[in-house]
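Peer 1: My questions will all concern the structure given below.
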Amino acid sequence: SSYETQTGEFILEVEELLKLCKSLTRVYVQRTGKPLWAVSEDMERDVFMSATEAQAHGIVDPVVVK
């Protein structure tokens, strides 16, 4: 039925999103040197950082001010 097709497509999309999230988490672990659990917790936050805060957190390169 139509519902089964939509459910199947939804599951595939969720699987792709989970793969992307895991990949991004691994990149942040490598970049920041923080443990996986810490990066995972940080990624679940619903808070935005300024450029300076992100630099201090280790997820961006130094911020240059002229």
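The values are calculated or read from the model by the stated rules, or taken from the named source; none is laboratory data. Every value quoted in this text rests on a predicted model; they were computed, and no experiment measured them. Cβ sites come from the backbone with ideal geometry, for glycine too, and all protein chains shown count toward neighbours. Side chains included, ligands, DNA and RNA excluded: accessible areas come from the protein's heavy atoms. Shrake-Rupley method; radii C 1.70, N 1.55, O 1.52, S 1.80 Å.
Peer 1: Of all residues in the range 54-66, which are outside any loop (DSSP other than H, G, I, E, B) and either surrounded by 13 or more Cβ atoms within 10 Å (Cβ to Cβ) or modelled with pLDDT of 85 or more (or both)? Quick ask: steps written out before the conclusion?
Peer 2: Kept after step one, since they are outside any loop (DSSP other than H, G, I, E, B), are these residues of the range 54-66: 54-57.
Once the filter is applied, which keeps residues that are outside any loop (DSSP other than H, G, I, E, B) and either surrounded by 13 or more Cβ atoms within 10 Å (Cβ to Cβ) or modelled with pLDDT of 85 or more (or both), the range 54-66 yields Ala54, Gln55, His57.
Peer 1: What pairs come up if the first residue lies in the range 19-46 and is among the aromatic types (Phe, Trp, Tyr), the second is assigned to a helix (DSSP H, G or I) and loosely packed, with under 12 Cβ neighbours inside 10 Å, and their beta carbons are under 9 Å apart, counting only those six or more places apart or on different chains?
Peer 2: Tyr28/Met43
Peer 1: Another question, then. Hey, can you tell me all the residues within the range 15-37 that are open to solvent by less than 80 Å² (accessible area, probe 1.4 Å), part of a helix (DSSP H, G or I) and modelled with pLDDT of 90 or more?
Peer 2: Filtering the range 15-37 for residues open to solvent by less than 80 Å² (accessible area, probe 1.4 Å) gives 21, 23-25, 27-29, 32-35.
Then drop every residue that is not part of a helix (DSSP H, G or I), which leaves 21, 23-25, 27-29, 32.
If the condition is that a residue be open to solvent by less than 80 Å² (accessible area, probe 1.4 Å), part of a helix (DSSP H, G or I) and modelled with pLDDT of 90 or more, then Cys21, Ser23, Leu24, Thr25, Val27, Val29 are the ones that fit.
Peer 1: Right, something else. When the range 47-66 is examined, which residues are found to be at negative phi, touching a residue at least 12 places away in the same chain (Cβ under 8 Å) and not hydrophobic (A, V, I, L, M, F, W, C)? It would help to see each step written out before you state the result.
Peer 2: First, pick out the residues of the range 47-66 that are at negative phi: 47-57, 59-66.
Restricting the remaining residues to those that are touching a residue at least 12 places away in the same chain (Cβ under 8 Å) gives 51, 57, 59, 63.
Once the filter is applied, which keeps residues that are at negative phi, touching a residue at least 12 places away in the same chain (Cβ under 8 Å) and not hydrophobic (A, V, I, L, M, F, W, C), the range 47-66 yields only His57.
Peer 1: Restricting attention to the range 39-53, which residues are surrounded by 12 or more Cβ atoms within 10 Å (Cβ to Cβ) and either within 12 Å of the chain's Cα centre (by Cα) or outside any helix (DSSP H, G or I) (or both)?
Peer 2: Selection gives Val39, Ser40, Asp42, Met49.
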